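Comments concern the structure below.
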Amino acid sequence: MAKTATRRRKSSARSKRRGGGSALPWTIIGVIAVGGIAIYDNWKSVRPMLAAHAPASIVSRPASVARSEPARDSSPKQTASITAAARMMPPATVPIPAKAPAVPEKAIPASISPAQAQAQTGKAAFGYCGQGEHINCVADGGTFWYKGEKIAIADVVSPGIETARCDNEKRLGFSAKLRLLNILNSGSFSMNPAGQPGKAGAPHVVSRDGRSIGVQMINEGLARKPGSNGAWCA
């Protein structure tokens with residue numbers, strides 16, 4: 001009987017221990033749940049307390065993670081235009097070379113070509129100009145051809161032959177033509193340009209030994225000075 005009572009007391013003590021040990025976890029869970037609900041309800045007041053006791057590295061970490069973005073230029077077009085204008089403007093330190101003074105050119109009269117600027121000496125066997133090619137021939141008392149160029153004696157007006165208005169002018173025209181042929185065939189002569197070539201020929205002052213052949217024809221009564229009054233017909 002005594003053994004049976006002892007066994008009952010041991011089994012009852014074991015059952016008490018098991019019951020007490022199984023209730024503890026549920027108690028902890030309940031406390032945590034109640035605490036969580038209380039924290040949730042009072043989160044606004046609890047949050048500053050947690051932030052105050054949290055480590056400084058945790059609090060300052062978000063600030064260090066943030067990246068600083070470079071400031072953008074609000075007016076890129078204006079900057080580009082200023083840069084382009086700066087490139088177009090020459091540097092102030094670069095000297096600009098001065099323009100060289102213009103050298104005046106020697107004026108050549110329009111009536112005289114450069115090829116005719118100097119007097120030329122002529123000599124040839126002249127004949128009368130006919131229907132064939134005119135090389136070295138005399139046309140009238142004031143016109144002749146020399147080396148294929150038509151020359152007009154500039155300081156005379158000779159009587160006409162084909163354009164004569166009377167017999168006297170025509171007679172004087174033949175006489176002047178013959179006289180000029182003889183003068184040209186007498187030797188070399190000089191020709192000085194005296195104007196722009198035209199339909200009447202290239203005007204020249206023809207001379208020999210410094211004496212104008214035109215003045216010689218005037219003195220002999222076979223020509224007149226240009227612009228003088230007088231008529232070949234009476």
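The values are calculated or read from the model by the stated rules, or taken from the named source; none is laboratory data. Every value quoted in this text rests on a predicted model; they were computed, and no experiment measured them. Using ideal geometry, Cβ is built from the backbone for each residue, glycine included, and neighbour counts are taken over all protein chains shown. Calculation scope for accessible area: heavy atoms of the full protein, side chains included, ligands and nucleic acids excluded. Shrake-Rupley method; radii C 1.70, N 1.55, O 1.52, S 1.80 Å.
Pulled fully out, how much extra length does the chain show between ALA200 and ARG165, if you take 0.36 nm times their separation in residues and subtract their Cα-Cα distance?
Between ALA200 and ARG165, full extension yields an extra 10.7 nm.
Can you pull the one-decimal nm distance between simple spin-label points at TYR128 and ARG211, each 7 Å off the Cα toward Cβ?
2.7
Please provide three numbers in whole Å: the alpha-carbon extents of region 139-234 along the principal axes, with the largest listed first.
35, 27, 24
Any idea of the accessible area per residue across region 143-183, 1.4 Å probe, to the nearest Å²?
Roughly 51 Å² per residue, with all protein chains present.
With all protein chains present, how much of the accessible area of region 118-234 (probe radius 1.4 Å) comes from carbon and sulfur, to the nearest whole percent?
C and S atoms contribute 48 percent here.
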